[in-house]
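Quick notes on the structure that follows.
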Amino acid sequence: MDISVIIVSWNAAKHLRSCLESVREETRRRPGPATEAFVIDNASSDGSAEIAAEEFPEFNLVRNDRNLGFARANNIGIRMSSGKYLCLINSDVVVRPGCLLNIHRYMEAYPEIGILGPQIVNDAGAVQRSCMGFPTTWNIFCRALALDSVFPQLPLFGGHLLTFWPHDTTRRVDVINGCFWAVRRSALDAVGLLDETFFMYGEDMDWCRRFRLAGWPAVYFTGAQAVHYGGASSARAPVRFYIEKQKANLAYWRKHHGPQGEARALAIMILHESLRYAAARAAGLFPGRDRSFNVERSKAALRWLFGLGSQMLRPQFIKTASGGDSVR
């Protein structure tokens, strides 16, 4: 098998059918790589699994009895697959014609590539940001102060979100965001599966860092394209998922930079959310500019971040964190 496509779904029926239809068309394209496909459903309650079972019987369907999270569900599909390459595709992504074929040809031509991401566009065809730089103390500080928004063309300030680069050229990058990954099996065997301590978010930074450390670079590839609608699952509970993103970011810092790095990141995240909260409150004072959701989101994030900060000052937490154990 040339390519194994793995799609994790959780209450994403709105987009899942379109995703599976686009993958089906790719698997039938000739000439094209031999492809198998898996749908891993995380106990959806909106009929997602039924859509896959009834309308796409050629896809291998796994019904989990509960929501296992993004990383763990993908790992189930990875273990079941046999492809030389694996494409991990979000359920709110539509694969453009020729995408899988072009990815296969490119990765065959460049065997040093470990993980690849195609160009991602929105439903209007505009290119979306789908990769970024590894987070550092400096670049997340610049993000917190919005320096990358004020000076988007300066690499000095835009190193995290790569604001200075229009995503219009094929190049090596630090992180491929997790809506669409193409992974070489031999590189995966060297790097290992996704870290299941990341429930949702953060696993993209962690995995790409592990690929880099193992000598397998990540590449952003404009020769293949996919449409990402975004928010298929997180839109159901946006504040909760926003907190999950904060948790994942801190878990990444803890894993790769230790307790001191996590403490620095926590302080910067509190600064970031405080500024966002103040800006949203100020904007809401003007007629016709409702920022109530932004206010509530940042308030919830600050409540959680300050709670964690208080916990980190406790001796028991410091002892546990310094021993390398997870404190999530």
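Descriptive notes on the structure:
- Global geometry of segment 1-137, whether rounded, prolate or oblate, following the gyration tensor of its Cα atoms and the 1.5 cut on a/c: rounded
- Exposed-site-free run, longest, the chain (rule: GluC sites (Glu not before Pro); DSSP loop; at most 15 other C-beta within 10 Å): 197-328
- Size of electric dipole in segment 58-204: Cβ of Lys, Arg +1 and of Asp, Glu -1, about Cα centre, debye, nearest 20: 180
- Gaussian network model of the chain, springs between alpha carbon atoms under 10 Å - residue of Gly261, Gly284, Gly77 with greatest fluctuation: Gly284
- Distant-in-sequence amide H partners of Asn60 (H built 1.01 Å from N, under 5 Å): Ala37, Phe38, Val39
- Sorted largest first, extent of the chain alpha carbons per principal axis (Å): 56, 47, 43
- Of Val219, Leu302, Ala126, farthest towards positive along the dipole that unit charges on Lys, Arg, Asp, Glu beta carbons give the chain: Leu302
- Solvent-accessible area per residue for the chain (1.4 angstrom probe, square angstrom): 45
- Cα centre as origin, Lys/Arg/Asp/Glu Cβ charges: the chain dipole, Debye: 980
- Segment 108-171: C-alpha gyration tensor shape, a/c 1.5 cut-off, then a/b vs b/c: oblate
- Relative contact order of the chain: 18 percent, from C-alpha pairs under 8 Å at least 6 residues apart in sequence.
- Modelled FRET efficiency - R0 30 Å, Phe151 with Met80, Cβ distances, 0.05 increments: 0.05
The values are calculated or read from the model by the stated rules, or taken from the named source; none is laboratory data. This is a predicted model, so every value here is computed, not measured. All Cβ positions, even for glycine, are placed from backbone atoms using ideal geometry, and neighbour counts span all protein chains on display. Accessible surface is based on the protein model in full, side chains and every heavy atom, while ligands, DNA and RNA are left aside. Shrake-Rupley method; radii C 1.70, N 1.55, O 1.52, S 1.80 Å.
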